[in-house]
């Protein structure tokens with residue numbers, strides 16, 4: 001099927017990267033959440049090609065997302081002949097961790113929409129204030145107080 | 001993230017804290033207003049526009065907020081909040097309980113800290129400190145619980161193009 005692209009699109013580094021960080025990172029992207037959702041919807045297993053079908057992006061791009069899900073062990077892959085079958089694996093998170101990850105991702109979605117709302121309702125731009133946003137990078141994965 | 005799982009018995013509680021930081025190109029007053037004004041809040045806060053939402057907001061110290069939603073004929077998602085501290089354009093602290101079909105699944109404290117950011121913008125810090133209760137899985141089972149969350153998460157996708 002897809003050969004591995006040399007550069008993963010996301011890297012996290014640092015001394016204490018936990019499995020949970022990988023999970024949160026995997027869940028932080030709407031496309032990856034949609035991929036997981038589709039896997040859930042399809043019951044057990046799905047072929048990579050079927051999974052990629054509704055997405056307006058190349059199979060290669062979808063495969064990249066799937067690899068990040070695999071790194072987080074949220075998705076497992078097995079070969080059946082020429083087919084690669086994917087399966088959703090809820091195990092990496094305890095149920096409580098999963099709940100927290102979902103709650104956090106829910107807030108991420110909300111705060112994204114807040115950004116879009118603020119941009120849509122902004123006063124007519126003055127010459128120097130150009131369109132805002134791209135708040136994406138501000139999200140911290142290392143959360144601690 | 002600080003996760004200290006308590007006994008994994010039928011009843012358990014897990015405490016966790018997470019923080020999300022965002023920078024918006026809007027003055028703190030505007031960002032604050034998006035939380036304070038019920039009409040404005042309804043335009044961005046809810047995840048799944050296909051679920052009917054019942055929303056009431058009394059934005060004052062001691063005031064309550066109720067959000068009742070969920071798929072038609074399915075699990076009722078209820079959020080009950082109380083506002084404890086409001087500093088206009090600067091801070092909002094509220095606590096809230098989340099219930100699925102009357103089963104309390106979490107009780108949290110949320111702090112929204114609005115700081116003047118660069119170029120007249122706003123740095124928003126959200127901190128949620130929660131007690132996550134395990135009884136919630138009884139509602140519909142483990143997988144269903146995951147699905148409920150993922151449905152919420154994927155909902156805004158359905159309105160947008162799936163392209164990244």
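Details
- The set of residues in the stretch A:26-43 that are more than 7 Å from chain B (Cβ to nearest Cβ) and surrounded by 21 or more Cβ atoms within 10 Å (Cβ to Cβ) comprises A:26, A:27, A:32, A:35, A:38, A:39.
- Residue B:78 passes every criterion in (1) in contact with a strand residue (DSSP E or B) (Cβ under 8 Å, 6 or more places away or on another chain); (2) at pLDDT below 95; (3) within 11 Å of chain A (Cβ to nearest Cβ) apart from (3).
- Residue in the stretch B:31-48 that is assigned to a loop (DSSP other than H, G, I, E, B), modelled with pLDDT under 95 and over 16 Å from the mean Cα position of the chain (by Cα) present: no
- Condition check for residue B:142: within 14 Å of another protein chain (Cβ to nearest Cβ) and either more than 14 Å from the chain's Cα centre (by Cα) or at pLDDT 95 or above (or both): yes
- Given (1) modelled with pLDDT of 95 or more; (2) within 9 Å of another protein chain (Cβ to nearest Cβ), number of the condition residue B:149 does not satisfy: (1)
- Evaluating residue B:121 against the criteria (1) within 30 Å of residue A:122 (Cβ to Cβ); (2) within 17 Å of the chain's Cα centre (by Cα) leaves one unmet condition, (2).
- Test: residue in the stretch B:153-162 that is surrounded by 14 or more Cβ atoms within 10 Å (Cβ to Cβ), modelled with pLDDT of 80 or more and not in a loop (DSSP other than H, G, I, E, B): no
- Any helices (runs of 4 or more DSSP H) falling wholly within the stretch A:44-126 and containing at least 3 residues that are modelled with pLDDT under 90 and surrounded by 14 or more Cβ atoms within 10 Å (Cβ to Cβ): A:48-52, A:95-120
- Inspection of the stretch A:61-70 identifies at least one residue that is out of contact with any helix residue (DSSP H, G or I) (no Cβ under 8 Å at 6 or more places or on another chain), in contact (Cβ under 8 Å) with a residue 40 or more places away in the chain and under 20 Å from residue A:23 (Cα atoms).
- Inter-residue pairs, beta-carbon under 6 Å, first closer than 17 Å to residue A:111 by Cβ and in the stretch B:35-60, second part of a loop (DSSP other than H, G, I, E, B) and at pLDDT 95 or above, 6+ apart: B:36/B:59
The values are calculated or read from the model by the stated rules, or taken from the named source; none is laboratory data. Just so we're clear, the structure is a prediction, and the values are computed from it rather than from any experiment. Cβ coordinates were reconstructed from backbone atoms using ideal geometry, including for glycine residues, and neighbour counts include every protein chain displayed.
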